[in-house]
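Peer 1: Have a look at this one before I ask anything.
Every read-out reported here was derived from the displayed coordinates using simple, explicitly stated rules and does not represent laboratory data. These numbers come from a predicted model, not from an experiment. Here the Cβ is made from the backbone with ideal geometry for all residues, glycine too, and neighbour counts use every protein chain on show.
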Ligand SMILES: C[S@@+](CC[C@H](N)C(=O)[O-])C[C@H]1O[C@@H](n2cnc3c(N)ncnc32)[C@H](O)[C@@H]1O
């Protein structure tokens, strides 16, 4: 087994797993009676690994290499369809990036009229329709934010979306660049201005406090947006992420084991220290409750099956940003691991926790 693992460049653990689930079983015997891989087994393993590289999940691979009845042609046609979809997605992203680059090149970055047309807003004009399905106020996170507002009477909510964390007992003004999100604000919610954080259409010190929740990572220029908040308000409260700690990608099993592409999404995101410095803030950790009511990316850390649900993923921008190929691969792998018990083996200890520290931070200035 060791030799085959070495030749195929996989771990012995992987071979054991393939053996356990019946995907590639060593069928030969050595002279001393130990099980060994025949040349047919090695050939089958090569096929399995090739399909893995193409992004198939183990269950599908089992069908592909299953036997004489396996309809390899049909699967290859499906694979071709998936590849075309991936190409279309890449083309659409390239077009959006080119448009953004073009608008960046124009003298003053963008005019106030163009401002809502930023990449982040365009993303929410595309995916925002799914947002209200699972994105709601979590009372524990809300309590942390509202507590940090202290005695502020006038509140500016930047990147307000559907207004999940707007306090009902203050005078709130919302700012939201995506028309789709603005149109989904419940009747009677605070007035909402179409603008982006990087250029807030308000006089200096117009508000007691400016708040921003789960939005800074979408801004074209987070530091400029935070400075704008500081300019228009006496105090600033921001819920964001800490990507300063080395190996932060490993703190959540979903990123670590299934969606390493998430790290690239936040690759350009400014450090928490840099953001805190820009507004003179202190950072406080915000643990994620096990039954978090707001379906943000980390919300289901103790309910892994939720990530298999399309309606849950559609309300998390991460999945759109990593693209359909990475999403399909991650979901298949998670589904396999939940079925085989591997997820529980690695993460079973989480069932004993009520909250998890997953890098959410409240910046208070
Ligand atoms: C994940 S949603 C958060 C919405 C809301 N704050 C909440 O907690 O439910 C991110 C929001 O940021 C908005 N956004 C994107 N780019 C922005 C920008 N440059 N300035 C302000 N908001 C922006 C999006 O349109 C979207 O509504």
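Peer 1: Remind me, what semi-axes does the range 255-305 give for its equivalent ellipsoid, largest first in whole Å, using sqrt of 5 times each Cα gyration tensor eigenvalue? Walk me through the numbers on the way to the answer.
Peer 2: Working: eigenvalues 125, 61, 11 Å².
Semi-axes from the Cα gyration tensor: 25, 17, 7 Å.
Peer 1: Taking a ≥ b ≥ c as the square roots of the eigenvalues of the Cα gyration tensor of the range 314-365, is the shape rounded (a/c under 1.5), prolate (a/b larger than b/c) or oblate? Present the calculation step by step, with values, prior to reporting the outcome.
Peer 2: Values: a/c = 3.65, a/b = 1.15, b/c = 3.19.
It is oblate, given that a/c is not under 1.5 and a/b is not larger than b/c.
Peer 1: Now for a different question. Given axes a ≥ b ≥ c from the Cα gyration tensor, I'd like to know whether the range 279-352 is rounded (a/c under 1.5), prolate (a/b larger than b/c) or oblate. Walk me through the intermediate numbers first.
Peer 2: Details: a/c = 2.18, a/b = 1.30, b/c = 1.68.
It comes out oblate by the Cα gyration axes.
Peer 1: What is the Rg over Rh value, at two decimals, for the range 2-64, using alpha-carbon atoms and the Kirkwood definition of Rh?
Peer 2: Numbers: Rg = 11.6 Å, Rh = 12.0 Å.
Result for the range 2-64 is an Rg/Rh of 0.96.
Peer 1: Going by how many other Cβ atoms sit within 10 Å of their own, how do 275, 1, 316 line up, fewest first? Present the calculation step by step, with values, prior to reporting the outcome.
Peer 2: On the way: 275 24, 1 14, 316 21.
Ascending Cβ contact count within 10 Å gives the list 1, 316, 275.
Peer 1: Taking the beta-carbon count within 10 Å as an exposure proxy, list 337, 125 from fewest neighbours to most. Kindly include the intermediate steps, with their values, before the conclusion.
Peer 2: Numbers: 337 21, 125 16.
Fewest-to-most ranking of 337, 125: 125, 337.
Peer 1: Sticking to Cα atoms, compute the Rg of the range 122-242 to one decimal and its Dmax as the biggest Cα-Cα distance, whole number, in Å.
Peer 2: 13.2, 37
Peer 1: How big is the gap, in Å, between the Cα center of the range 10-50 and the Cα center of the range 272-315?
Peer 2: The range 10-50 and the range 272-315 have Cα centres separated by 41 Å.
Peer 1: Follow-up. Give the shape of the chain as rounded, prolate or oblate, defined through the alpha-carbon gyration tensor: a ≥ b ≥ c are the square roots of its eigenvalues, a/c under 1.5 means rounded, and otherwise the shape is prolate if a/b is larger than b/c and oblate if not. Walk me through the numbers before you get to the answer.
Peer 2: Details: a/c = 2.67, a/b = 2.04, b/c = 1.31.
Note, shape of the chain comes out prolate.
Peer 1: So for the chain: antiparallel DSSP bridges make up what percent, rounded to the nearest 5? Can you show the working numbers first?
Peer 2: Values: 14 of 31 bridges.
Within the chain, antiparallel bridges account for around 45 percent of the total.
Peer 1: Between 166, 298, 309, find the one with the highest GNM mean-square fluctuation for the chain; connect C-alpha pairs within less than 10 Å.
Peer 2: Top of the fluctuation ranking is 309.
Peer 1: Now for a separate question. If you take all C-alpha pairs in the range 123-178, what percent of them are over 12 Å apart?
Peer 2: Values: 1051 of 1540 pairs.
In whole percent, the long-distance tail amounts to 68.
Peer 1: Express in % the proportion of alpha carbon pairs of the range 221-329 at distances exceeding 19 Å.
Peer 2: Details: 3092 of 5886 pairs.
The proportion of pairs with Cα distances above 19 Å equals 53 percent.
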